[in-house]
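Structure record follows, encoded as structure tokens.
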Protein chains: 2
Amino acid sequence: MSSVDARVHAVDETSTTRQAALDYVDRLENRDWPGLAAMLTDDVVYEMPQTRERLRGRDAFVRFNIEYPGDWHLRIRQLAADGRVAALWLDFRVGADQQDACVWLDVSEHGLISRVVDHWPEPYEPPPGREHLVERW
Amino acid sequence: MSSVDARVHAVDETSTTRQAALDYVDRLENRDWPGLAAMLTDDVVYEMPQTRERLRGRDAFVRFNIEYPGDWHLRIRQLAADGRVAALWLDFRVGADQQDACVWLDVSEHGLISRVVDHWPEPYEPPPGREHLVERW
């Protein structure tokens, strides 16, 4: 394989991963549970490092999302797809409440999502000592 | 430009962004302040959405890092570079304390970092109601 071919191959893998990330958010937002299930590996792993929670398997992951409370809505703020890894910065809203989420996806060689890691950074008050450098919004 | 040329161009932009992300973490970890300053745009913007803090300009951003308390250390857990955007999942440690950080970088057309957004997802106890689906670690 020539150097150019190798680079184009990598771009194609990234394109598949990008589409998987876009579809993932779209199917969650639309409560398309069969569509979501169809894009996961059988043994998909879902992790939330902040609570040290882990869930295994397609059925459990879809069930988790079906049961997630509230009329939540998702919008992509940033997306970075790179080979078989994607990072998403999501705007997550339930009514008037807004929170950011940082999501990492691993995609299999067949284009299915094999791992999802959710980070939920919550608001907090800044520590003292840096007021001379920052503004607040 | 042919379709293949366009895709290779995008790969090269991504390579520049990937290197900028790697260098960014390396220069922070090594307290290489001149090296860090050299890879930022004059008007770099740094944001922490959780505290709604924003800081503007290369000098203020380097100063913020020089003054950041503690003997902190950074290690990359995941990196996704995509055109002129990169996402980093960092392992941040001060002594025995560990925390994850999710960092988004924007890179200028000249390969300089023009925006840094830090998310600091902190540990919390999981809400009740999903014990039947998850394991803890």
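The values are calculated or read from the model by the stated rules, or taken from the named source; none is laboratory data. This structure is a prediction, so every number in the text was calculated from the model and none was measured. Note that we place each Cβ from the backbone using ideal geometry, even for glycine, and neighbour counts take in every protein chain shown. Surface areas here come from the heavy atoms of the whole protein model, side chains and all, with no ligands, DNA or RNA. Shrake-Rupley method; radii C 1.70, N 1.55, O 1.52, S 1.80 Å.
Structure values in brief
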| read-out | value |
| --- | --- |
| Any pair with Cβ under 7 angstrom, 6 or more apart, that starts in the stretch A:48-62 at a residue that is within 8 Å of chain B (Cβ to nearest Cβ) and in contact (Cβ under 8 Å) with a residue 60 or more places away in the chain and ends at one that is part of a loop (DSSP other than H, G, I, E, B) and open to solvent by 20 Å² or more (accessible area, probe 1.4 Å) | A:Gln50/A:Trp120; A:Gln50/B:Glu122; A:Gln50/B:Pro123; A:Gln50/B:Tyr124 |
| Identity of the residue in the stretch B:116-137, assigned to a strand (DSSP E or B) and facing chain A (nearest Cβ under 7 Å), that ends up farthest from A:Pro121 (Cα to Cα) | B:Glu135 |
| Subset of the stretch B:69-83 [within 19 Å of B:Met39 (Cα to Cα), more than 7 Å from chain A (Cβ to nearest Cβ) and over 13 Å from the mean Cα position of the chain (by Cα)] | B:Gly83 |
| Qualifying residues in the stretch A:116-133 (those that are surrounded by 15 or more Cβ atoms within 10 Å (Cβ to Cβ) and among the charged types (D, E, K, R)) - the one modelled with the highest pLDDT | A:Asp118 |
